[in-house]
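The values are calculated or read from the model by the stated rules, or taken from the named source; none is laboratory data. Remember, predicted model here, so these are calculated numbers, not experimental data. Cβ coordinates were reconstructed from backbone atoms using ideal geometry, including for glycine residues, and neighbour counts include every protein chain displayed. Keep in mind that these areas ignore ligands, DNA and RNA; they rest on the heavy atoms of the full protein, side chains included. Shrake-Rupley method; radii C 1.70, N 1.55, O 1.52, S 1.80 Å.
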Amino acid sequence: MSIIAQYGTVFIVLACLFGFFMAWGVGANDVANAMGTSVGSKALTIKQAIFIAMVFEFLGAWLAGGEVTATIRGGIVDPALLQGSPEKFVYGMLSALLAAAVWLLVASARGWPVSTTHSIVGAIVGFGAVGLGIEAVEWGSVGVIASSWLISPLLAGTLSFVLFKSVQHFIFEARDPFAAAKRTVPVYIFLVGFMVSMVTLTKGLTHVGLSLTFAQSLLYSVLLGGGVTVVGIVLGSRIKSERRALDPFGYAGVERVFAVLMVFTACAMAFAHGSNDVANAIGPLAAVVSVVQANGMIDSASPIPWWTLLLGGIGIVIGLATYGHRVMATVGTGITELTPSRGFAATLAAASTVVLASGTGLPISTTHTLVGAILGVGLARGIAALNLGVIGTIVMSWLITLPAGAVLAIVFFFLFRTVFG
């Protein structure tokens, strides 16, 4: 207890620095989930995507970041086991934050789209195994998380494959593709509004005390989807078909219609992502603050101070603006060539997968989900449309994320224990 009292202010300052570093990593790496398809399909420029993400990622983190997720606070290592030695808990949370942040820096510099959730989970597993012993880690929870590596890309890939095939059948293979797009796209607009609303309501707004049942979320999402459809129809009505010699079927006009969809999707997915993934950076920070302020008492259900969400939101924005373009390029252009219609199919499939996972309680990675969705769109065009070299590099980065975070956390844990005692 004396260590907490003696170095309490130092621990809070370090937690703020490391939490900001981690939030920077989330912005630099994970925001590509919301923006990569929009940029790769040329629906938005990089500057436009960064501006939209800066606004909506911050709003999502600030307005709906809320309480720390149960997995990070108590689902991997039981905090009750550390009641007798709260300084170990503080060392562990600081180590987890710094380890995950360092790994995200490495991954972002190389353009690897890795999971920020798995980075922090791997770091906490490493700390738990060293600080408490192997038996203290909830290996069942870790196994469920690992299973999502396979489940979420497969599900999202299957959905995006089916979606893009439907776009090809109902629109691009029609006698008049532009007219078919005008008839069919409102249905897709509704699906976008509905699914993204479900993502936000089921994964984001529960953190601000707005506890909605699944049925209530479903009803509000239908209403929001209808509103988005009306706005989309108005914007789409301004797009006119311009047939040219090199484009006799008017495919360019069809893609402009889908580009309108991508703007809606980019805004809403950025908000949902900011509301969900800010917990990866702010969770351990809030845990350290609560232990220090309670003079060593560990309460896994303690609320998050409002200023930590502000810190996390600012960190995400700065990370996106300074380094986000690297991972954005990998997701948007490195895996397969994207157009607005293909990007739409991938983003809607990813959003649908997140909604399904939320309903079943399966912890998944938005990074893995979106990459799987993009792979599905690429496969719909044939295996030759995929860049297998880039895909292999991405999969390898996924496999080493958990052990990399764990090893780094172990090193930092011993470092903090040596420095502070």
Output for region 151-164, where each listed residue is under 30 Å from residue 287 (Cβ atoms) and either in a strand (DSSP E or B) or open to solvent by 10 Å² or more (accessible area, probe 1.4 Å) (or both)
151
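Each row is one residue, and each column tells you yes or no for (1) under 14 Å from residue 265 (Cα atoms); (2) open to solvent by less than 10 Å² (accessible area, probe 1.4 Å); (3) touching a His at 6+ places or on another chain (Cβ under 7 Å).
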| position | (1), (2), (3) |
| --- | --- |
| 4 | no, yes, no |
| 12 | no, no, no |
| 23 | no, yes, no |
| 44 | yes, no, no |
Of all the residues that make up region 61-112, how many are of a type outside the set (A, V, I, L, M, F, W, C), part of a helix (DSSP H, G or I), within 16 Å of the chain's Cα centre (by Cα) and at pLDDT below 70?
1
Quick one: residue 321 ticks every box in (1) modelled with pLDDT of 80 or more; (2) in contact with a Phe, Trp or Tyr (Cβ under 7 Å, 6 or more places away or on another chain) except a single one, so which number is it?
(2)
Top-ranked residue in region 25-42 [being open to solvent by less than 30 Å² (accessible area, probe 1.4 Å) and of a type outside the set (Gly, Ala, Ser); ranked as farthest from residue 324 (Cα to Cα)]
37
Would you check if there is a residue in region 224-243 being farther than 23 Å from residue 345 by Cα, assigned to a loop (DSSP other than H, G, I, E, B) and modelled with pLDDT of 70 or more?
no
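Being part of a helix (DSSP H, G or I) and open to solvent by 20 Å² or more (accessible area, probe 1.4 Å) is the filter here; which residues of region 411-421 pass it? So that I can check it myself, show each step before the final result.
We begin by selecting, within region 411-421, every residue part of a helix (DSSP H, G or I); these are 411-420.
Once the filter is applied, which keeps residues that are part of a helix (DSSP H, G or I) and open to solvent by 20 Å² or more (accessible area, probe 1.4 Å), region 411-421 yields 411, 412, 414, 415, 417, 418, 419, 420.
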Would you mind stating whether residue 201 is modelled with pLDDT under 80, part of a helix (DSSP H, G or I) and either surrounded by fewer than 14 Cβ atoms within 10 Å (Cβ to Cβ) or not small (Gly, Ala, Ser) (or both)?
yes
Going through region 219-238 in order, the residues found to be open to solvent by less than 70 Å² (accessible area, probe 1.4 Å), farther than 19 Å from residue 184 by Cβ and either aliphatic (A, V, I, L, M) or in contact with a Cys (Cβ under 7 Å, 6 or more places away or on another chain) (or both) are 222
From 121, 167, grab the single residue that is under 21 Å from residue 93 (Cα atoms) and crowded, with 17+ Cβ neighbours inside 10 Å.
121
For residue 125, are the conditions met, namely being in contact with a strand residue (DSSP E or B) (Cβ under 6 Å, 6 or more places away or on another chain) and closer than 28 Å to residue 324 by Cβ?
yes
Which of the residues belonging to region 331-342 are part of a helix (DSSP H, G or I), at pLDDT below 75 and surrounded by 24 or more Cβ atoms within 10 Å (Cβ to Cβ)?
331, 332
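Quick check on residue 105: is it touching a residue at least 24 places away in the same chain (Cβ under 8 Å) and either buried (at least 20 other Cβ atoms within 10 Å of the Cβ) or among the small types (Gly, Ala, Ser) (or both)?
The answer is no for residue 105.
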One residue is enough: does region 346-355 have a residue meeting the conditions in contact (Cβ under 8 Å) with a residue 12 or more places away in the chain and more than 23 Å from residue 56 (Cα to Cα)?
no
Which one is surrounded by the fewest Cβ atoms within 10 Å (Cβ to Cβ), of the residues in region 371-410 that are more than 21 Å from residue 156 (Cβ to Cβ) and in contact (Cβ under 8 Å) with a residue 60 or more places away in the chain?
403
